[in-house]
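The values are calculated or read from the model by the stated rules, or taken from the named source; none is laboratory data. None of these values were measured; they are calculated from a predicted model. All Cβ positions, even for glycine, are placed from backbone atoms using ideal geometry, and neighbour counts span all protein chains on display. Ligands, DNA and RNA are excluded from the accessible area calculation, which covers all protein heavy atoms including side chains. Shrake-Rupley method; radii C 1.70, N 1.55, O 1.52, S 1.80 Å.
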Amino acid sequence: MQERKGGCLCGAVRYVLKGEPRGIAICHCTHCQKQSGSVLSFNLVIEDTDYEQSGETRIYVDDGDSGQPVYRHFCGNCGSPILAKIARAPGKVVVKAGTLDNMEGLQPKAEIYTDHAVAWLAPVAGTARSPRNM
Ligand SMILES: [Zn+2]
């Protein structure tokens, strides 16, 4: 198993992923669009025991589709989104893969909330597409 490292733009928050992702998905939901300032987010689902962080994140408590909260962790200094903890998915963290130092070998398996995908973006080959959550 290859350890993967990542962190925010300014370097105040650093992390290590000590296990393989349980899921790799592109999310097109409007909340990921707003938070990232982009058209999608590239997310890894990790066991929380496989996630080790140094440095403090700030937390924005968002409302998930389920009606349960989504805790969005970000760097309070530079604003990089780092991860989300979803109340409906205890024991898991959803890491924003764009903050990894190296994304090599991480191929998305799914695209979710494709109802909100921008029209000019072609479906990613090899992914299962879901109009909302899986
Ligand atoms: Zn930072």
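Being within 16 Å of the chain's Cα centre (by Cα), within 16 Å of the ligand (Cβ to nearest atom) and assigned to a loop (DSSP other than H, G, I, E, B) is the filter here, so list the residues in segment 55-73 that pass it.
Listed by number, the list holds a single entry, THR57.
Restricting the search to segment 1-18, which residues are under 15 Å from the mean Cα position of the chain (by Cα), surrounded by fewer than 22 Cβ atoms within 10 Å (Cβ to Cβ) and not charged (D, E, K, R)?
Of everything in segment 1-18, those that are under 15 Å from the mean Cα position of the chain (by Cα), surrounded by fewer than 22 Cβ atoms within 10 Å (Cβ to Cβ) and not charged (D, E, K, R) turn out to be GLY7, VAL16.
Name the pairs whose Cβ atoms lie under 6 Å apart, with the first residue in segment 71-92 and more than 15 Å from CYS27 (Cβ to Cβ) and open to solvent by 30 Å² or more (accessible area, probe 1.4 Å), the second among the basic types (Lys, Arg) and more than 16 Å from the ligand (Cβ to nearest atom), and 6 or more positions between them or separate chains?
TYR71/LYS85
Return the only residue of ASN102, ASN43 being at pLDDT 95 or above, open to solvent by 40 Å² or more (accessible area, probe 1.4 Å) and either more than 12 Å from the chain's Cα centre (by Cα) or away from the ligand (no atom under 16 Å from the Cβ) (or both).
Of ASN102, ASN43, the one residue that is at pLDDT 95 or above, open to solvent by 40 Å² or more (accessible area, probe 1.4 Å) and either more than 12 Å from the chain's Cα centre (by Cα) or away from the ligand (no atom under 16 Å from the Cβ) (or both) is ASN102.
Does segment 105-123 include one or more residues that are hydrophobic (A, V, I, L, M, F, W, C), within 15 Å of the ligand (Cβ to nearest atom), out of contact with any Pro (no Cβ under 7 Å at 6 or more places or on another chain) and at pLDDT 95 or above?
no
From ASP62, ASP50, ASP115, which residue is surrounded by 18 or more Cβ atoms within 10 Å (Cβ to Cβ) and of a type in the set (D, E, K, R)? If you could, list the steps in order and put the result at the bottom.
Values: ASP62 fails: surrounded by 18 or more Cβ atoms within 10 Å (Cβ to Cβ); ASP115 fails: surrounded by 18 or more Cβ atoms within 10 Å (Cβ to Cβ).
The match here is ASP50.
Considering only segment 21-31, I want to know if a residue exists there that is farther than 18 Å from LYS109 by Cα and either crowded, with 18+ Cβ neighbours inside 10 Å or within 16 Å of the ligand (Cβ to nearest atom) (or both).
Within segment 21-31 (the criterion being farther than 18 Å from LYS109 by Cα and either crowded, with 18+ Cβ neighbours inside 10 Å or within 16 Å of the ligand (Cβ to nearest atom) (or both)), the answer is yes, since at least one residue qualifies.
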